[in-house]
Amino acid sequence: MPTVFLLSATMLVSPVLAAAPEPAHVLHHKGGPVEQAGSGRVDSEAYLRGIVAVRLGDDLEAAQAFRTALLADPANMDLLRQAFVRSVMVGDPQAVELARVVDKTPQDRSVISALVLGDDAAVRGAWPEAVQYYHRAGADPMARLIMPLLLAWCQQAQGHADEAIESLLHGPGSVLMPFYTLHAGLIAQVAGQSDRAESLFEQAQKVMPGYDMLLTRSHAAWLWTHGQQDKARAVIRKLVETDSILGLAGPALQANIARYPVTSAREGIARAYVLTAFLLRQQAREQAQQGPGGEGSALNLFQFNEAARLMLGFALAMDPTLVDARLMLAEIQDDEQHFAAARETLVRVPPQDPLAIVATLRLAVLETTNDHPADAIPLLQHLLEQAPGQIVIERALGNAYSQTKDWKAAIAAYTRAIDLANAQKSPDWTLLFLRGMAYHEAGDWAAAKTDTRAALAYAPDEPLLLNFLGYGMVEQHEDLAEAEQLLRKAHALDDQDAAITDSLGWVRVEQGDLAGGIPLLEKAAEQTPEDPEVNYHLGEAYWRVGRKAEAVDQWNVALGLHPSPADESLIRAALQKAGVPPTPPTGLTAPVVAPSATPVATPAPAQPAQEQGKHTP
């Protein structure tokens, strides 16, 4: 994909927001940056509410707040643009009225206003008017990529399906040709050209890079309605086998196999916008892989996500029931840590949609990863009733129970997942690792060690496993020589992981090699200065070598970093051993660690550490 210039038109955020601490963007027109204009009457409460909502990713609240602020100062073009773009993002019908206001001034027109007005004309069935607006938006390089789709659907709606299909198949060459061919098939199907539709679906499959859900569902519907039921079911089965999460929707997709996903020009246009959002997401990932010096590095991930959310807003305005758009939107919101917004997006998925089960799983995972596992558990239990025997659900349930520290229930869920994986002859070391950690937290080190060794049999060079097993053996003071071998291997595989560096330093200290252990512990503390376990270990090493004041400093720092109950007991015991009251610092940053400048003395016998928390990255 070429660099996306559509972004310059999508960043309709005010200069006031741009001056705020977090990243924001200023709209630019051909004549330069837009100056704020208005009467000076500002509804400060509504305006600030809009700014906060933007920061939280709540576009619905932002749109309402900026529209309220605009009422107090209708001449303020900056407020108008902000109210407009946020309204577009949530598919609010008022975006159309705001687009008409923006469009009255030629210098304020943009790709966005042209697309909004074009979509409104399409919804009203005013197809020639829609074509005019779409042509105006086509000046943007990214819009040009999907413009053939928008214009072709307009042609189809006006009864010119043949011309629409030809324009997609024989237009200028494009990386989107597989998708143009797919939409040509959809246009043929909507126009009643059934035989031609099937030919185009098969042609699209030959050039499509991987499986495409829209293509697969459309082709399966064609096969089913033409008496090829077995072949239709096989097509859906092959699709869902490519992804374990999508596999959950297999029964629902089979039950809805005769339903075409696109039955009108309006739905076809909505799908074109979802494709645009997908391309933006892909380009963002490619840019991230290139690093800060890559092509287009001035455009950051936030900008790409904003543009993608706009495209999904267009899609949902054209088809509010389009679940593909909601799933992608929730993914972006989750990536941006706008969890409340992502949750709201997912709960709006129609329960009767074949992909509703996927949305429910994503909602449950979202709740688990954002400290609401108690809300996730009933969702996952309901999913198991709908789709029993699914590894992905059992894994998610085990994770949710782990978050609530219900280790018995977590172990049971992971065990069911492991049994299912083994029955399918596809053992998964990550499931063994998850159950091993749960066993460890439940105090059953023997079972934890057994699972971790079994996982290592499948992934012998996985630093996570080597570190977990090696550190666990150190905790138990069990064969420290083997533990050091495991940790040395983990460190060789990933010497930048602070937890592994700390583990290796700690096993050397526990074996009496203070000269070799302290530099490793100091390096770990520099990498993760806010890890209470690392600070405790470094303090213990300092104490054993006679650097007692530094040891007390490290323990007090560790105490102020909200350690786990087990870690806190160790830290308080260490401070009691030192004969000083605990005085955790008010800040959360450990003092600067300096390597020892004095020879290391022979240590006095030390009490073994008994901390029971897991020590993994």
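Pairs of alpha-carbon atoms within less than 8 angstrom and 6+ residues apart define the contacts here; what relative contact order does region 187-258 have, in percent?
It rounds to 24 percent for region 187-258.
Take every Cα-Cα pair in region 65-159 and report what % of them are more than 15 Å apart.
Numbers: 2661 of 4465 pairs.
Counting every Cα pair in region 65-159, those more than 15 Å apart make up 60 percent.
Find how many whole Å separate the alpha carbon centroid of region 135-212 from the alpha carbon centroid of region 397-441.
Here the two parts' Cα centres lie 46 Å apart.
Could you estimate the translational diffusion coefficient of region 163-320 from the Stokes-Einstein equation, with Rh from the Kirkwood formula over C-alpha pairs, at 20 °C and 1.002 mPa s, in whole µm²/s?
Working: Rh = 17.0 Å.
Translational diffusion coefficient: 126 µm²/s.
Name the residue farthest towards the positive end of the dipole of the chain from the options PHE433, THR360, VAL111, assuming +1 on Cβ of Lys and Arg, -1 on Cβ of Asp and Glu, about the Cα centre.
Checked the options; the winner is VAL111.
Taking only the alpha carbons of region 242-359, what extent do you get along each of the three principal axes, in Å, biggest first?
Cα spread of region 242-359 along its principal axes, largest to smallest: 49, 31, 29 Å.
Report the per residue volume, in Å³, of the convex hull enclosing the C-alpha atoms of region 299-409. Show your work: numbers first, answer last.
Numbers: hull volume 11.1 nm³, N = 111.
So the per-residue hull volume is 100 Å³.
In vacuo Debye scattering of the chain, one point per C-alpha: log10 I(q)/I(0) at q = 0.10 Å⁻¹?
-1.02
Bin width 5 Å, alpha-carbon pairs only: give the P(r) of region 470-556 as whole percents, running from 0 to the bin holding the largest distance.
3, 18, 27, 26, 18, 7, 1
Where does each of 201-213, 69-81, 306-318, 466-478 land if you order them by average Cβ count within 10 Å, highest first?
Taking the mean over residues of other Cβ atoms within 10 Å, the ranking is 306-318, 466-478, 69-81, 201-213.
Can you work out ³J(HN,Hα) from phi for every residue in region 313-327, in order, using Karplus 6.51 cos²θ - 1.76 cosθ + 1.60 and θ = phi - 60°, giving whole Hz and x for Gly and Pro?
These are the phi-based 3J(HN,Hα) values: x, 4, 4, 6, 5, 7, 8, x, 8, 6, 5, 3, 5, 5, 5 Hz.
Given Cβ point charges of +1 (Lys, Arg) and -1 (Asp, Glu) and nothing else, what value in debye, to the nearest 20, does the dipole of region 397-514 about its Cα centre take?
Around 500 debye, computed over region 397-514.
Top to bottom by accessible area (1.4 Å), largest first, where do SER569, SER402 land?
So, going from the largest accessible area down, we get SER569, SER402.
Under 16 Å between alpha carbons, and skipping anything fewer than 8 positions from LYS405 in its own chain: which lysines qualify?
Within the straight-line limit of under 16 Å, LYS405 reaches these lysines: LYS614.
With every protein chain present, what accessible area does GLU97 have (1.4 Å probe, heavy atoms only), rounded to the nearest 10 Å²?
Rounded to the nearest 10, that gives 110 Å².
Between GLN496 and GLU385, what is the label-to-label distance in nm when each label sits 7 Å out along the Cα-to-Cβ direction?
Modelled inter-label distance: 4.8 nm.
Give the dimensionless ratio obtained when the Cα radius of gyration of region 395-518 is divided by 2.2 N^0.38 Å.
1.11
For the chain, what's the relative contact order in percent, using C-alpha pairs closer than 8 Å and at least 6 residues apart?
7 percent
How far is it, in nm, from the label point at ARG55 to the one at LYS548 when both lie 7 Å from their Cα along the line to the Cβ?
Spacing of the two 7 Å Cα→Cβ label points: 4.8 nm.
Between beta-carbons, use under 12 Å as the cut-off and find the net charge around TYR458, counting Lys and Arg +1, Asp and Glu -1.
-3
Have a look at ALA551, GLN229, THR404 and report the one farthest towards the positive end of the charge dipole of the chain, computed about the Cα centre with Cβ charges (Lys/Arg +1, Asp/Glu -1).
GLN229
Between ASP243 and SER194, what FRET efficiency comes out of the Förster formula 1/(1 + (r/R0)^6) with R0 = 25 Å and r the beta carbon distance, rounded to 0.05?
Values: r = 30 Å, r/R0 = 1.18.
The value I calculate is 0.25.
Mind checking the dipole of the chain: about its Cα centre, +1 per Lys or Arg Cβ, -1 per Asp or Glu Cβ, Debye to the nearest 20?
Roughly 1100 debye, rounded to the nearest 20.
Just subtract the alpha-carbon distance of GLN132 and HIS226 from 0.36 nm times their residue separation and send over the number in nm, one decimal.
30.0 nm
Expressed as a whole number of Å, what is the distance separating the alpha-carbon centroids of region 56-71 and region 325-363?
Result: 21 Å between the Cα centres.
In whole Hz, with x marking every Gly and Pro, tabulate ³J(HN,Hα) for region 358-373 from phi via Karplus 6.51 cos²θ - 1.76 cosθ + 1.60, θ = phi - 60°.
With coefficients 6.51, -1.76 and 1.60, one gets 5, 4, 5, 4, 4, 5, 5, 5, 4, 5, 5, 6, 10, 6, 10, x Hz.
Per-residue HN-Hα couplings for region 559-571, Karplus 6.51 cos²θ - 1.76 cosθ + 1.60 at θ = phi - 60°, whole Hz, x for Gly and Pro?
Karplus values, whole Hz, x for Gly and Pro: 5, x, 9, 6, x, 5, x, 5, 5, 4, 4, 5, 5.
Is the shape of region 46-97 rounded, prolate or oblate, going by the alpha carbon gyration tensor and its root eigenvalues a ≥ b ≥ c, with a/c under 1.5 for rounded and a/b larger than b/c for prolate?
Taking the square roots of the gyration eigenvalues as a ≥ b ≥ c, region 46-97 is oblate.
Could you work out the pair-distance distribution P(r) of region 184-249 from its alpha-carbon pairs, with 10 angstrom bin width and percents rounded to whole numbers?
For region 184-249, the binned pair fractions read 22, 53, 23, 2 percent.
Classify region 371-440: rounded, prolate or oblate, from the alpha-carbon gyration tensor (a ≥ b ≥ c, eigenvalue square roots; a/c under 1.5 rounded; otherwise prolate if a/b is larger than b/c)?
Because a/c hits 1.5 or more and a/b fails to exceed b/c, region 371-440 counts as oblate.
Relative contact order for region 322-441 using alpha-carbon pairs under 8 Å, separation at least 6, rounded to a whole percent?
Over region 322-441, the number comes to 16 percent.
Find how much the distance from ARG124 to LYS206 grows on full extension, using 0.36 nm per residue of separation minus their present alpha carbon separation; answer in nm with one decimal.
25.9 nm
Test of understanding: what is the full-extension gain from ALA481 to ARG259, defined as 0.36 nm times their sequence separation minus their Cα-Cα distance?
73.6 nm is the gain from fully extending ALA481 to ARG259.
The values are calculated or read from the model by the stated rules, or taken from the named source; none is laboratory data. None of these values were measured; they are calculated from a predicted model. So basically every Cβ, Gly included, is an ideal-geometry build from the backbone, and we count neighbours across all protein chains shown. All accessible areas refer to the heavy atoms of the entire protein, side chains included, with ligands and DNA or RNA removed. Shrake-Rupley method; radii C 1.70, N 1.55, O 1.52, S 1.80 Å.
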